[in-house]
Each structure stands twice: as structure tokens, then as C-alpha cells.
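Visitor: Take a look at the following structure, please.
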Amino acid sequence: MTEECSNKPGPVSNSMRHGKVESPDGQWGWMVVFSAFIINVITDSWSSTFWVLYATLLDYFEESSLTPWIRYTMFAVPFLCGPIASVVTNRVGFRKATIIGGLITALGFISSTFVQSVDAMAVTYGFIAGLGISMTYLNSIVVVAMYFEKKRTLATGISRCGAGIGKIILIPLYKYLIISYNWRGAVLIIGAISMNIVVCGAVFKPLEVTDEYLEVQDSDCDDKIFTEQDQGDLANELTPIQRDFLVSKSLKSKDNPVSCHDMRETTQTPCKRINKPLIDISIFTNARFVLFALSSISLYFWYYVPYVFNVIRARILDFTYKERVFMLTVIGISHTLGKLPYGFLGDRKQINRRYLYSGSLLLTGAVLAVVPLFTTFLPCTILAGLFGLFSASAEVLTSVIIADILGIDKLTDAYGVVMFLQGVSFLVGPPVVGWLYDTTGSYDTTGSYDKTFYSAGICIVISGIIVFLTSFIKQKKKPRQTD
């Protein structure tokens, strides 16, 4: 550059690194919510639809001992890849990252139609498609949070309802496709459907950066003019949102080069060179976030106990097949509909979001802990519905509380970390729960399952207590930055 604005020393504040994004709280934001809803319809139902495909794969590959590994990778990989999704989003922006994720997802599904072994299916259907879904899932959460502030929880709740709607739509569709076109044809069509993620990603327009928290050293930057080459050099140091503005500004008039003053007044892009790390590790210095992350580990370790063991326990109690299916349906419906009231309550000024979340986890744990006390259909079904209702708080409030703790500018990094921890819990939890059953009883009694429900209830209650304790940790005030 002709005159370097970045060579002189000076503190680079967090706001200079990220800029300040103004949330419109509506307008185009509702299109973003709708697109995130569609993404959740496609991606969150992906793991559920695999159960439809699972039996077919067992018969086709005749490798019953290996096929479950596809299932394990499917559940864990999208969450384990959370930090990778964060890095990609930080580098290219949430619009491009979502489009890339959609293409990878479609590639994983479509390539699965050509595999000839379980191992290859685990790579294509599990790892490749899982990586793509991880990127689209993270961005569908983050972009909604960025577009809303006053209505952030409600917007998140609406978008997350797509997960339940997707199960209702895609599970019977998958069954029909397998019957009509065999499993390879069904997976190919699902891959084509997943291409809609690309269209939804295109809706995620980058928000403009404002000057509310941005500080620029005027003495270093006033009257500096950036030539075309200078703008190219500077663009390499900017965030994707800031780079988009610089490119669009340059295209408007080649005869009017961009000045530092233009950038400060219009997009408030910092003139300093910024070497942004892959992941902002400063999030781990925040005690509130660390405790909240630990709470997530405890919660998701036991999260799927009711979905699996409720059905097994119901079979032991001689519930009919229709009754067992109805119990699962009640969990799904209450879980989906429960996201809307949590979205509404989470935006009320009179309600502390962390207290709301903590109380919901306490109730979730209590519901699981009392399951062993009932052995008839009606009370067991009511408890299943209550679990679905209270557990909906996790999907609606997690991202919003992280934004409350760390700020919206660190949500991408922090949510990627939380996703990774959830993936570890999903990967480790089922084998440990299975071991707990094996060491406490035989298959033809409900006693061993009683201990499983007791353990799950206690651990989720502890998870709620941890979230409650984060409110008693004093948040350090950021030092005021000066030129």
C-alpha cells in the first residue's frame, strides 16, 4: 500500500476486529428465518430418516455388526465438525459457508448411491454429508441471531421448528421413495432435495457494519486514499462482511478510489491490518461460557435416553406397537410446538433467559427421574410429552444465551465449540448408557432401565443447576479503548 495504516502500534479492540452489526429485527430478517426453517427441515430430519434406511442397509450389505457405525458417525459428525464450520464461516461469511455446506451435503448423499460397502457408506453418508450439514446447521443458527436482537429468541424458535416439521414430512417420504425406487434411488432424490440448502444460503445477505463500537485512529488514516492495488491488499485482511463492501464500493466508480474516510463513515471498516485467528480462544477465558459449555456436556450425554429407552421399557411393559409409536409421536409434537412459547418467553424483558433455561432443565430432569414410578400407558405418555416440551428449551435458548454471555460477534466461534462438545457427548453417551444397563440387570426386567432414568434425571438436573450458577459469576467489564 502507498501509505500503511497498519504499521503504527496501537491496541486492536474486539470491536475493531469484528465491527458492529446492526440487527434489523424484521424486514429481510423474516426471509432469513424462513430460509433457516427450510434448512432445519432438511438437515435435522436427516438423522431421523436414516432409521428408515437402516433396515434396508442391514439386508443389502449383510454386515449387521458394521452397519451401526454409519448411524454413529451420522449423529456425531455434524456436531464434531462444529469448529470446522466456525473456521469456514469466519473466513468466507455465513452466506458462502451455507452454500458450500449445501453443496457438500448434496455431494455426500449423491455419492452414497454408488458405494459398494458399509465402510464407503460411512464416509459418504456419514462424514461428507455430516460435514456439510454441520456448516449449514451452524450458519442457520448464527445468521438468525445476527438479524434479530429484540426478537432473537422468537426468531430462533420459529426457525428451529423446522426440525420437527422435517421429521413429519421426510420420514414417510423416505419410506415411499425406498419402496418406489430402492434405497439408492431414494438417497439420490434426497441428495437433490438437499440442493435447496444452496438457495436458502443465498438468502443470507451480509449485514452492514456500523460505527457504534468501531474505533479508528484518525491521525493515521485521515486523507489516505486507497488505490486499486491497495484495496486488494486491504481486502485480504478484512472480515467477509467488510470485504463485500469494499468490493462493491470499488465497482461503483473506478475513478473515485476508496478513502479511509469513506470506509469509516459508511461501513466503518478498520484501517488496521487484522490477523484473525482461526478460532477466538478468548471465549475460554469467560467463566460463564465455560460453565455453560460444561452444562451442555451433561445435558446431551443423556439427551436421547427417553427416545431410546422409553420405547424399550414400553415393550417390556407390554405396550402395543401403536402405543409405543404414539409415545414417540407425542415427544416429537410437544418438542416442536414447545419451541414457540420458549421463543416468546425468552424475549420478555421481565424474564431472565438463563433462569428460564435452568428451570426448564430442572423440570426435564425431574420428569425423567419419576418415569420409573409409573407403569401404565397414560402417565408414561404424559411424562413423554412433558419431556419433549421442557427439553425444547435447549434448542431455542442455547445460542441466545451464548450471545448474551459473549456478545453476538463471538457466537460463531462459541457455538462451534458447543457443537463439538455435544458431538462428543453423543458419541460417548450411548455406549456408557448401554454399559450401565448391562451391569445393572437383565433385559426382561425394568429395574435396570429404572436406574438409567434415575441417572439421566439427576445429571440433567445438575446441568440446570450449573446454568443457574452462571448468573452469580461477575462479568468482567471490557476496558474502554482509546486511540
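The values are calculated or read from the model by the stated rules, or taken from the named source; none is laboratory data. From a predicted model like this one, the values you see are computed outputs, not experimental measurements. Glycine also receives a Cβ, built like all others from the backbone with ideal geometry; neighbour counts cover every protein chain displayed. Just the protein is used for accessible areas: all its heavy atoms, side chains included, with ligands, DNA and RNA removed. Shrake-Rupley method; radii C 1.70, N 1.55, O 1.52, S 1.80 Å.
Visitor: Can you tell me which condition ASP347 does not meet? The list is (1) within 17 Å of PHE292 (Cβ to Cβ); (2) within 21 Å of the chain's Cα centre (by Cα), and all the others hold.
Guide: (1)
Visitor: Which of the following residues is farther than 19 Å from MET74 by Cβ, in contact with a Lys or Arg (Cβ under 7 Å, 6 or more places away or on another chain) and at pLDDT below 90: GLU149, GLU208, GLU212?
Guide: Going through GLU149, GLU208, GLU212 in turn, the sole match is GLU212.
Visitor: Determine, yes or no, whether GLY385 is open to solvent by less than 20 Å² (accessible area, probe 1.4 Å), touching a Leu at 6+ places or on another chain (Cβ under 7 Å) and in a helix (DSSP H, G or I). Working first, answer last.
Guide: Values: open to solvent by less than 20 Å² (accessible area, probe 1.4 Å): yes; touching a Leu at 6+ places or on another chain (Cβ under 7 Å): no; in a helix (DSSP H, G or I): yes.
So GLY385 fails the test.
Visitor: For the stretch 18-43, which residues satisfy the criterion of being open to solvent by 30 Å² or more (accessible area, probe 1.4 Å) and either assigned to a helix (DSSP H, G or I) or modelled with pLDDT of 75 or more (or both)?
Guide: Scanning the stretch 18-43 gives GLN27, TRP28, TRP30, MET31, PHE34, PHE37, ILE38.
Visitor: Checking the condition among the small types (Gly, Ala, Ser) and at pLDDT below 80, which residue from SER259, SER360, SER282 passes?
Guide: So the residue among SER259, SER360, SER282 that is among the small types (Gly, Ala, Ser) and at pLDDT below 80 is SER259.
Visitor: Could I ask something else about it? In this structure, is PHE377 in contact (Cβ under 8 Å) with a residue 40 or more places away in the chain and open to solvent by 20 Å² or more (accessible area, probe 1.4 Å)? Spell out the reasoning first.
Guide: Numbers: in contact (Cβ under 8 Å) with a residue 40 or more places away in the chain: yes; open to solvent by 20 Å² or more (accessible area, probe 1.4 Å): yes.
Considered against the rule, which asks whether it is in contact (Cβ under 8 Å) with a residue 40 or more places away in the chain and open to solvent by 20 Å² or more (accessible area, probe 1.4 Å), PHE377 comes out as yes.
Visitor: Just checking, does the stretch 389-399 include any residue being more than 21 Å from ILE133 (Cα to Cα), in a helix (DSSP H, G or I), modelled with pLDDT of 90 or more and open to solvent by less than 10 Å² (accessible area, probe 1.4 Å)?
Guide: Step one: of the stretch 389-399, the residues more than 21 Å from ILE133 (Cα to Cα) are 389-391, 393.
Those left that are additionally in a helix (DSSP H, G or I): 389-391, 393.
Among the residues that remain, those that are also modelled with pLDDT of 90 or more are: 389-391, 393.
Among the residues that remain, those that are also open to solvent by less than 10 Å² (accessible area, probe 1.4 Å) are: 391, 393.
For the stretch 389-399, residues more than 21 Å from ILE133 (Cα to Cα), in a helix (DSSP H, G or I), modelled with pLDDT of 90 or more and open to solvent by less than 10 Å² (accessible area, probe 1.4 Å): present.
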